[in-house]
Amino acid sequence: MSEQTASQEGKTYPPDAELSKSANVRPEMLEQDLQEFWDEQAKQRLDWFEEYDQVLDWNLPYAKWFVGGKLNACYNCVDRHVEGGKGDKVALHVVPDDGPDSSEARDITFSDLQREVVKMANGLKELGVGKGVPVGIYMQMIPEAVVAMLACARLGAPHTVVFGGFSGKAVAERCNDLECKVLITQDEAMRGGKAGAQKTNADEGLDAGETTVEKIVVVQRTGADIPMSDRDVYLHDLTANVSDDPESCPCEPMDSEDLLFLLYTSGSTGKPKGVVHTTAGYLLGVTTTHNLVFDVKDDSVYWCAADIGWITGHSYITYGPLANGCTSVLFEGVPGYPDKAVWWKIIEKYGVSILYTSPTAIKSHMKAGEEHLQGHDLSSIKILGSVGEPINPDVWEWYREHVGGGKAPIMDTWWQTETGHILITPLPGITTLKPGMAQQPFPGVRPEIRDDEGNQLDVEQTGNLVLTQPWPGMMRTLYKDDQRFKDTYWSKYSDAYFAGDGAKYDADGDIQLMGRIDDVVNVSGHRLSTFEVESALVEHADVAEAAVAARKDDDTGQAIIAFVSLKGDKQGTEELEQALREQVAQSIGKLARPASVIFANDLPKTRSGKIMRRLLKNLAEGEELGDTSTLVDPSVVDEMQKQMKG
Ligand code: WTA
């Protein structure tokens with residue numbers, strides 16, 4: 001029988017019979033009761049210091065999972081594997097920026113990882129870090145970043161990782177909000193063959209105002225001569241005389257609902273939201289989904305090419321894979337360096353069997369050309385994953401054909417910082433795949449697609465994606481802001497979680513994600529709020545007002561278009577455009593830099609003074625503008641349109 005059957009909708013790919021037999025996930029799991037399913041997983045997958053006495057305490061919108069249980073995330077990710085005889089197994093194949101052939105490439109076993117974590121944890125203890133003392137982490141993709149997260153978890157110290165590409169201002173904002181006493185960073189970042197500032201960025205941000213950070217721990221990556229003050233200490237100095245014996249630093253028994261970490265994410269207003277994730281539910285959610293969605297076996301070699309600064313890195317580089325005792329690749333660099341074949345060399349060298357990445361990365365490989373894959377043995381690949389944005393069917397097909405050898409199933413996984421782990425995804429050996437669709441809820445997950453009034457929608461009608469049942473890794477609240485938590489996620493509908501994504505069902509009941517329906521833009525799978533970018537623009541002295549919209553972009557999914565009105569008689573020049581793009585890069589990070597800036601005398605406003613955002617969205621997308629008669633000055637729009645065309 002042909003693997004591929006044509007349907008009216010397009011091609012579909014039935015599951016491979018062998019995979020159906022051997023897959024970890026079983027069809028019966030989809031029928032299981034919510035609590036029964038997670039109870040079974042919790043007993044099977046995690047080690048508990050004290051058993052829980054209740055699976056779920058659900059008081060919408062507040063969830064408590066595994067009530068009364070005690071455990072430690074680091075123990076589950078590291079120590080138990082060593083104690084169980086897997087100490088010599090490779091935990092991380094560390095690939096530095098200059099690729100797998102570099103002399104700096106090295107392997108870290110679970111025993112090595114344990115020693116490194118214990119050492120860093122003992123060092124942190126000397127700085128007063130312990131249970132409940134928050135720590136900031138501002139690092140690139142080096143193993144010490146993973147070690148830092150685990151060292152915090154070992155001590156019971158909540159961490160907040162700030163994406164290494166963000167500005168120092170973003171670091172200060174987040175660390176001060178969580179009241180971090182200690183920040184862990186590195187001297188410099190190495191990416192694409194270039195060293196870039198890291199520690200000095202953090203200094204700039206922290207020194208711009210008052211800060212709660214009292215100590216900065218600096219990991220030496222490049223050995224550059226960077227300014228160090230009394231506030232700073234190198235990690236190797238801090239840990240020079242501490243023990244690496246696990247008994248010198250036992251894993252702190254944490255309550256199931258103790259804070260594991262906070263991760264700030266963009267919302268529809270300027271202030272980033274501190275998403276709260278607690279210990280047991282989160283850890284179980286990421287461990288179970290990682291195991292079942294990617295069909296992890298004892299000999300799997302897994303590579304998630306995300307960044308630890310995002311939730312994907314937290315859940316599917318650090319906590320999920322390590323709790324599963326899985327061997328992972330950790331790559332510091334970028335897809336095109338030292339050459340365009342670096343990814344394929346990594347897969348070949350380590351025999352990667354599971355690759356999890358974003359549509360943007362796949363598109364960059366498509367653009368680079370198939371020739372770079374030729375001559376590289378990718379036959380080890382068994383399962384592919386995609387995350388972060390909708391994947392176009394042609395990109396999906398390319399991924400399967402060229403990376404997956406025309407047979408590896410693709411798991412298009414939908415989830416969010418707030419959900420903690422994968423919620424909608426095909427399952428290996430079970431789902432008949434459809435290119436470009438996340439398709440089916442994970443066991444226990446109950447999605448619905450509703451209109452604004454709360455009615456469930458028919459097939460092929462786009463509406464709001466909601467979830468009507470709790471899941472273990474769900475965010476518990478927004479840090480110090482229960483009200484915003486309720487308003488943002490639980491007020492649109494009284495009985496369900498509002499995800500902020502548009503979605504529709506097809507005739508078979510498969511779900512297709514249609515993108516964000518709020519003011520969140522998704523650039524290369526990185527989530528940004530239009531308001532954040534606007535705030536950065538108005539920081540410039542010449543800017544009176546700014547509004548931001550996104551247009552589709554072949555490479556990055558969406559690209560940011562900034563509409564700006566200037567003060568007095570200031571003129572919109574090319575130089576000013578560059579200065580504004582730079583301003584945003586400086587203030588937030590390079591990924592937020594607008595693709596273009598459109599100048600106008602004023603922004604399109606209604607008579608009540610409200611900026612018509614719908615119109616800006618249409619303008620950015622080059623769509624019909626519809627009715628502009630409610631505008632105070634419709635000529636503003638003509639002016640903008642002219643610039644967009646020019
Ligand atoms: C989008 C990343 C379509 C979506 C894990 C969501 C996706 C936002 C997919 C969360 C997917 C993520 N298909 N869209 N498979 N995965 N998204 O918090 O809009 O950085 O709301 O978490 O990414 O982004 P976040």
Within the stretch 137-196, residues among the acidic types (Asp, Glu) and part of a helix (DSSP H, G or I) come out as Glu144, Glu173, Asp177
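Out of the stretch 573-587, which residues are touching a strand residue (DSSP E or B) at 6+ places or on another chain (Cβ under 7 Å) and either open to solvent by less than 10 Å² (accessible area, probe 1.4 Å) or assigned to a loop (DSSP other than H, G, I, E, B) (or both)?
Leu580, the sole residue that qualifies.
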In the stretch 250-281, anything of a type in the set (Val, Ile, Thr) and open to solvent by less than 20 Å² (accessible area, probe 1.4 Å) is listed as Thr265, Val275, Val276, Thr278, Thr279
Across the stretch 340-371, which residue is farthest from Pro393 (Cα to Cα) among those that are touching a helix residue (DSSP H, G or I) at 6+ places or on another chain (Cβ under 9 Å) and open to solvent by 50 Å² or more (accessible area, probe 1.4 Å)? Lys340
Which condition does Leu478 not pass, out of (1) hydrophobic (A, V, I, L, M, F, W, C); (2) within 11 Å of the ligand (Cβ to nearest atom); (3) in contact with a Lys or Arg (Cβ under 9 Å, 6 or more places away or on another chain); (4) open to solvent by less than 40 Å² (accessible area, probe 1.4 Å), if it passes all the others? (2)
The number of residues in the stretch 432-455 that are farther than 27 Å from Tyr264 by Cα, within 14 Å of the ligand (Cβ to nearest atom) and not in a strand (DSSP E or B) is 5
Asn76 vs. criteria touching a residue at least 24 places away in the same chain (Cβ under 8 Å), in contact with a Leu (Cβ under 6 Å, 6 or more places away or on another chain) and under 17 Å from Leu427 (Cβ atoms): no
When you look at Ile422, is it open to solvent by less than 50 Å² (accessible area, probe 1.4 Å), more than 10 Å from the ligand (Cβ to nearest atom) and in a loop (DSSP other than H, G, I, E, B), yes or no? no
Within the bounds of the stretch 365-386, is there any residue that is within 16 Å of the ligand (Cβ to nearest atom), among the charged types (D, E, K, R) and over 17 Å from Thr12 (Cβ atoms)? no
Residue by residue through the stretch 486-522, note down the ones that are within 12 Å of the ligand (Cβ to nearest atom), polar (S, T, N, Q) and open to solvent by 50 Å² or more (accessible area, probe 1.4 Å). Gln512
Pull up the stretch 460-502, narrow it to residues that are over 22 Å from the mean Cα position of the chain (by Cα) and assigned to a helix (DSSP H, G or I), then point me to the one that is nearest to Ala549 (Cα to Cα). Asp487
Name the residue that is nearest to the ligand (Cβ to nearest atom), counting only residues in the stretch 523-539 that are among the acidic types (Asp, Glu) and within 20 Å of Asp553 (Cβ to Cβ). Glu532
Got a number for residues in the stretch 378-412 being at pLDDT below 95 and either part of a strand (DSSP E or B) or in contact with a Leu (Cβ under 9 Å, 6 or more places away or on another chain) (or both)? 2
Residues of the stretch 387-412 being open to solvent by 10 Å² or more (accessible area, probe 1.4 Å), of a type in the set (A, V, I, L, M, F, W, C) and within 15 Å of the ligand (Cβ to nearest atom), in sequence order, are Val387
Among the residues of the stretch 613-631, which ones are open to solvent by 30 Å² or more (accessible area, probe 1.4 Å) and either of a type in the set (Ser, Thr, Tyr) or touching a Ser or Thr at 6+ places or on another chain (Cβ under 7 Å) (or both)? Thr628, Ser629, Thr630
Considering only the stretch 459-473, state which residues are free of Cβ contacts under 8 Å to residues at least 40 places away in the same chain and either out of contact with any Lys or Arg (no Cβ under 6 Å at 6 or more places or on another chain) or surrounded by 15 or more Cβ atoms within 10 Å (Cβ to Cβ) (or both). Val466
Output the number of residues of the stretch 527-547 satisfying the condition of being in contact with a Lys or Arg (Cβ under 8 Å, 6 or more places away or on another chain), among the small types (Gly, Ala, Ser) and open to solvent by less than 30 Å² (accessible area, probe 1.4 Å). 1
Only residues in the stretch 113-135 that are touching a residue at least 12 places away in the same chain (Cβ under 8 Å) and assigned to a loop (DSSP other than H, G, I, E, B) count as the first member; pair them with residues that are open to solvent by 40 Å² or more (accessible area, probe 1.4 Å) and not aliphatic (A, V, I, L, M), Cβ under 7 angstrom, at least 6 apart or cross-chain, and list the lot. Leu127/Lys215; Gly128/Lys181; Lys131/Glu252; Val133/Lys181; Pro134/Glu179
Enumerated strands (runs of 3 or more DSSP E) restricted to the stretch 53-104, each holding at least 2 residues that are exposed (fewer than 15 other Cβ atoms within 10 Å of the Cβ) and touching a Lys or Arg at 6+ places or on another chain (Cβ under 9 Å): 54-59
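Quick check on the stretch 433-457: of everything there that is in contact (Cβ under 8 Å) with a residue 12 or more places away in the chain, among the charged types (D, E, K, R) and farther than 30 Å from Glu401 by Cβ, which residue is least open to solvent (accessible area, probe 1.4 Å)?
Arg450
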Scan of the stretch 226-273 for residues that are within 16 Å of the ligand (Cβ to nearest atom) and modelled with pLDDT of 95 or more, ordered by number: Phe261, Leu262, Leu263, Tyr264
Which one of these does Trp415 not meet: (1) open to solvent by 20 Å² or more (accessible area, probe 1.4 Å); (2) away from the ligand (no atom under 16 Å from the Cβ); (3) at pLDDT 95 or above? (2)
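The values are calculated or read from the model by the stated rules, or taken from the named source; none is laboratory data. Everything quoted here is computed from the prediction, not taken from an experiment. Here Cβ is always computed from backbone atoms with ideal geometry, including for glycine, and neighbour counts include all displayed protein chains. Accessible surface is based on the protein model in full, side chains and every heavy atom, while ligands, DNA and RNA are left aside. Shrake-Rupley method; radii C 1.70, N 1.55, O 1.52, S 1.80 Å.
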